[in-house]
1. For segment A:289-330 and segment C:209-279, what is the separation of their Cα centres, given in Å?
2. Using the Karplus curve 6.51 cos²θ - 1.76 cosθ + 1.60 with θ = phi - 60°, work out ³J(HN,Hα) for each residue of segment A:166-181 in order, rounded to whole Hz, and write x for Gly and Pro.
3. Could you report the accessible area of D:His282 in Å², rounded to 10, computed with a 1.4 Å probe on the protein chains as they sit in the structure?
4. Using only alpha carbon pairs under 8 Å that are at least six residues apart, calculate the relative contact order of segment A:1-147 and give it in whole percent.
5. If you take the beta carbon distance between B:Arg150 and B:Asp313 as r and set R0 to 35 Å, what does 1/(1 + (r/R0)^6) give as a FRET efficiency, to the nearest 0.05?
6. Suppose a student asked you for the relative contact order of segment B:164-271, using Cα pairs under 8 Å spaced at least 6 residues apart; what percent would you report?
7. Roughly how many debye, to the nearest 20, is the charge dipole of chain D about its Cα centre, given +1 on each Lys and Arg Cβ, -1 on each Asp and Glu Cβ, and no other charges?
8. Students sometimes get this wrong: rank C:Asp296, C:Asp2, B:Asp6 by accessible area, probe 1.4 Å, all chains present, largest first.
Protein chains: 4
Amino acid sequence: MDFRSDNVAGAAPDILQAVIDANQGTVTSYGADPYSERVETRLGAIFERKVRAFPVATGTAANALALSALTPSYGAILCHEEAHIHLDECGAPEMYTGGAKLVPLPGTSGKITPDAVRSMLDQTLNGDLHRVQPAALSLTQATEAGTCYRPAEIAALAEIVGRRKMKVHMDGARFANAVAHLNLAPAEITWRAGVDVLSFGATKNGALGAEVVVFFDLALAEMFEVRRKRAGQLLSKMRFVSAQLEAYLKGERWLELARHANAMAARLAQGLQRLPRTALLHPVEANEIFVRLPQDVVAGLRAAGFNFHDWTDAPDGTIRLVLAFNTDPADVDAFVATATKLTAAAA
Amino acid sequence: MDFRSDNVAGAAPDILQAVIDANQGTVTSYGADPYSERVETRLGAIFERKVRAFPVATGTAANALALSALTPSYGAILCHEEAHIHLDECGAPEMYTGGAKLVPLPGTSGKITPDAVRSMLDQTLNGDLHRVQPAALSLTQATEAGTCYRPAEIAALAEIVGRRKMKVHMDGARFANAVAHLNLAPAEITWRAGVDVLSFGATKNGALGAEVVVFFDLALAEMFEVRRKRAGQLLSKMRFVSAQLEAYLKGERWLELARHANAMAARLAQGLQRLPRTALLHPVEANEIFVRLPQDVVAGLRAAGFNFHDWTDAPDGTIRLVLAFNTDPADVDAFVATATKLTAAAA
Amino acid sequence: MDFRSDNVAGAAPDILQAVIDANQGTVTSYGADPYSERVETRLGAIFERKVRAFPVATGTAANALALSALTPSYGAILCHEEAHIHLDECGAPEMYTGGAKLVPLPGTSGKITPDAVRSMLDQTLNGDLHRVQPAALSLTQATEAGTCYRPAEIAALAEIVGRRKMKVHMDGARFANAVAHLNLAPAEITWRAGVDVLSFGATKNGALGAEVVVFFDLALAEMFEVRRKRAGQLLSKMRFVSAQLEAYLKGERWLELARHANAMAARLAQGLQRLPRTALLHPVEANEIFVRLPQDVVAGLRAAGFNFHDWTDAPDGTIRLVLAFNTDPADVDAFVATATKLTAAAA
Amino acid sequence: MDFRSDNVAGAAPDILQAVIDANQGTVTSYGADPYSERVETRLGAIFERKVRAFPVATGTAANALALSALTPSYGAILCHEEAHIHLDECGAPEMYTGGAKLVPLPGTSGKITPDAVRSMLDQTLNGDLHRVQPAALSLTQATEAGTCYRPAEIAALAEIVGRRKMKVHMDGARFANAVAHLNLAPAEITWRAGVDVLSFGATKNGALGAEVVVFFDLALAEMFEVRRKRAGQLLSKMRFVSAQLEAYLKGERWLELARHANAMAARLAQGLQRLPRTALLHPVEANEIFVRLPQDVVAGLRAAGFNFHDWTDAPDGTIRLVLAFNTDPADVDAFVATATKLTAAAA
């Protein structure tokens, strides 16, 4: 009963089977294989337009590489103050861009607001040559708070930065969860809303280790394969990554996996929000729940064998629960039942 | 009948099976898993001493990351002029080190000589503050020419650079092939000869995608996990990489796989060296053959369905043939037979 | 009547004379000259201890180079949110460090507080390997707000970060103004309080273009001359920079120049604070004044020929006035008289 | 009698006077001053076309900054194997470009040949994605061997690399000496021959410390002022650098200074080449002489008070003699006379 992260889960059986099936014969190495080609074609169909697609092994690399194609070394990347690229990638975007500056912006429930962007661009990063030059905006979808940007929200932000010739990146480590929740065509929350490049995640949602950088602005992709090689992200036996993506993107498989995780999160949220002295921090729109419980309830849950992370540095009962593509509903129900019992006992 | 590269091969069945077996339950993410721990322990046994071991996804990353732990941005890395890190990694070591300089040295059959190192250090990179500061020596084992350094050769080089407080890196993309050929304890050609850190390859020799950076100088490993994260090389579901390494390193499995590839190379070399107007460029001591054949023989081999790379930019009959852990002896024999027939016909 | 910056002023006559006097004979190039040696010796006397000193041409280079000696590429540099290194150097510290992250902290009147540092280190940058690693603290003395840290304030901050093995940098672009105001031995606000390296400015205070990086932690200086060369900051005819520093540091000359600028600031502040609807934003402890005046008074001052910068992006009457080593008291008095007249008229 | 370098000389009196004269009143800082504007205009006249010009403090910075505008981090810069940027700038181009690779090419008397460039581009750096991408060619004029490229030589090289969309940089640390020797319009050996950007030196030829990056390809200059700031090369009191350049470029002053240095070199060469057992290594076409003398003659010259550098690491009598804008002909004649006497005595 492990709700620590979607990364503690293994792989979906069909994705693993695709890896097994790919172990046939010899194949051109370094990404010039039919698996990788089919992934790009399939992504074109999913996004209803020509795209360029570059599989890589990690989400950190997907984000940092994508940003390096958008941002010169003297550039600034605007992002949410809780963005993974800013807080949890140990400076990878700085390394890949040659020292660009990440500029954190505040915003409720993980979402950047047009006012925060405008204020930063009008007042601080106004093009003055003594300051870094605004180059990119990075949005996380689903956000770090487990919420989802609507198309109009994305479009409003993209419009502001586009006027300054900045580019828009989307960190889609949980992109499938967002699409599943919003129930919209993927194009609606990406290029039609102004997104230029997407880090499309698969690992958290059932792959062994596979992410793909998807360019809608094809000009930006021009030297990307060189950047990927230089970054040590061009796998020699790339077929084993691309085969995962092919299985993941087959039909609605990626959405089915996300729908399950989202449904488990909704089920858990529903169970928790009925409890007294318990408060959800954000709307639950993907597969993450941030909730504050009485501290003794948190302790009791741990004693009962549930595993999860505290979400504040000084533990105060605020925890994060992450649901996965393969979470057992019985585990969710057990969590709710135990929390209910503990809460009642504590009253 | 594909002799282009050991990267065109798939994975060994037992290594793939280890990945399948690793898909059980939840496991702590980002490398803090029991698979990774067991890999480090196993490597300690193989090398007969305490080591620190860090799995990564690609050989380029293994090399560039290892070098970044040895070399400051103002440092120089001495390497063979045909070294993969210098010619075929698109500047990855420069990216990871923040702009260190790779200094190519000549040497027969892929091996750097003590004279070349001494001359460079005495004359050019003598510590003058206007020049980059010598920081590391990188050796490739087996070399780019398919030959193997002997322990005394490594020790002689390490001694020269050690006197200047430089560190020694070994690019072991084909380390197993070298150990198999030399039939020595791995320690003899690494730390006992003065090597500080090894990029230990598995991908070319039967893994899907798994390399491991092995530190013998433990102090150098201190912040390496931070560097790995920052480089986008810390896989969230690291168990799927470490499980490959665990299977690879089990007993003598890694050596068995390499022995097969080496034996196939020896068999092919033996068949070719009997042919007239045919010359091996280097001794065949691992799983690569560099050979010059009459140009019409090369064309005839291609027409007969054999796949391999030209080794000179202006094709002159010099080709590279790479044998893999799973090369079928019948393919080798067919190649020799066809070459023999074509050579006779051309006479 | 130009109060825009201390950079709009020229050079003090004796400093210029030293440049003229240095134009004699041939001298070893690239910093191995007697002028540079005497500067280091003189700084040792000023700071009452052995120091290493490295002249450079700009303050940006002094700061970025000094930080590069303290901070690995995966490191974090804590600084005030208004620090010049964070806002006004276009990412130079990121360039020189190979992509370290500057972490802005809030604080009244340009000063970082112990609580802000502690909170950042305990909660966010707590050593987690997914986050950048805290490496340095940078303090500005005098601060960006024209105030001065007291020795105990510096010591308190240095003690917190020292416990985590972080190093302390001081941006002393206006170091002379701070020493002049505090009337303390320079050692008291540097190494005795825990500062490891100081960017000691001369340009703003009467030099043509000369700054010097002063190391109190001598081990950190070890490869600094190599870094300076690599950064393009080792002037071939360094004597012309070092001669400036020698004249600047002769006796109390640097303090005399700063005392004049400070006295002019005090005189101006005194005149302004008596005016109605006029408010100083910060205590005036160096040579900068930040003041809010009625907007029509600001306009009137400009119309009367006074030159200065607005200090808010949307002009609201807040302006910055900078006094220099050579500001004419008559200009100060004229400013006050005009402001007084305009304020009265506006009443 | 110091022939070590043109950097051991001081400044020309008129250039120093311009610095003195510039010390008047207040001037906008950070390069937005009338001195800098006039320098750009004057360079436009000298080169007979619109240029963009950016003064900096050192030649290393001029070169590294210029190259950073031409070369992405994954790019390669072709240069002569003895180029200052490759051997004597401690990795500055690597730092400024974010890790681009300098690719040394052989060539007699400091000159790159079309064959060497073609061979490198056809065979090694052929655009393969595993290799760095050819981005720029850097030529030194006058060369490191004291020779000068003719317009047709430059044009031939520029044509080869231009076909691959590479850019051409010229390191003109001794540009004046080349123009003086060739007696051609500056345009003939720069933009008309295919040069895109020039590092135009003044320091070695009579300035205190002033170089200027001149862009002929104006599009490349677009963000250069931001790069200059970020590199710590935007001096706050830039007028004191630009005033030097203004005096240097006034009329034919820069050429007069170079003509003197060149004439001194010719005079010295003429005197030496008549001696037995003495050989000039290269044609003397600028202000540097590379000459091999009997070793006891070299020792005798030193004993007689002449100062110069050995030019080989194991001293074998090969020395470099550099003549300056202010070298006294009597010193030259004394050198020749002493060498003649010593040679005769040794016979």
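1. With segment A:289-330 and segment C:209-279 each reduced to a Cα centre, they are spaced 54 Å.
2. 7, 9, 10, 10, 10, 7, x, 4, 10, 4, 4, 4, 5, 4, 4, 5
3. About 40 Å², ignoring ligands and nucleic acids.
4. Details: 166 pairs, mean separation 30.0, N = 147.
Relative CO of segment A:1-147 lands at 20 percent.
5. On the way: r = 31 Å, r/R0 = 0.90.
Computed FRET efficiency for B:Arg150 and B:Asp313: 0.65.
6. Working: 110 pairs, mean separation 31.3, N = 108.
Dividing the mean separation by the residue count of segment B:164-271 yields 29 percent.
7. Values: 34 positive and 38 negative charges, 85 e Å.
Its charge dipole is roughly 400 debye.
8. Details: C:Asp296 90, C:Asp2 30, B:Asp6 0 Å².
Of C:Asp296, C:Asp2, B:Asp6, the descending order of accessible area is C:Asp296, C:Asp2, B:Asp6.
The values are calculated or read from the model by the stated rules, or taken from the named source; none is laboratory data. Predicted model only: the values in this text are computed from it and were never measured. Neighbour counts are summed over all protein chains in view; Cβ atoms, including those assigned to glycine, are modelled from backbone coordinates with ideal geometry. The area values use the complete protein model at the heavy-atom level, side chains included, leaving out ligands, DNA and RNA. Shrake-Rupley method; radii C 1.70, N 1.55, O 1.52, S 1.80 Å.
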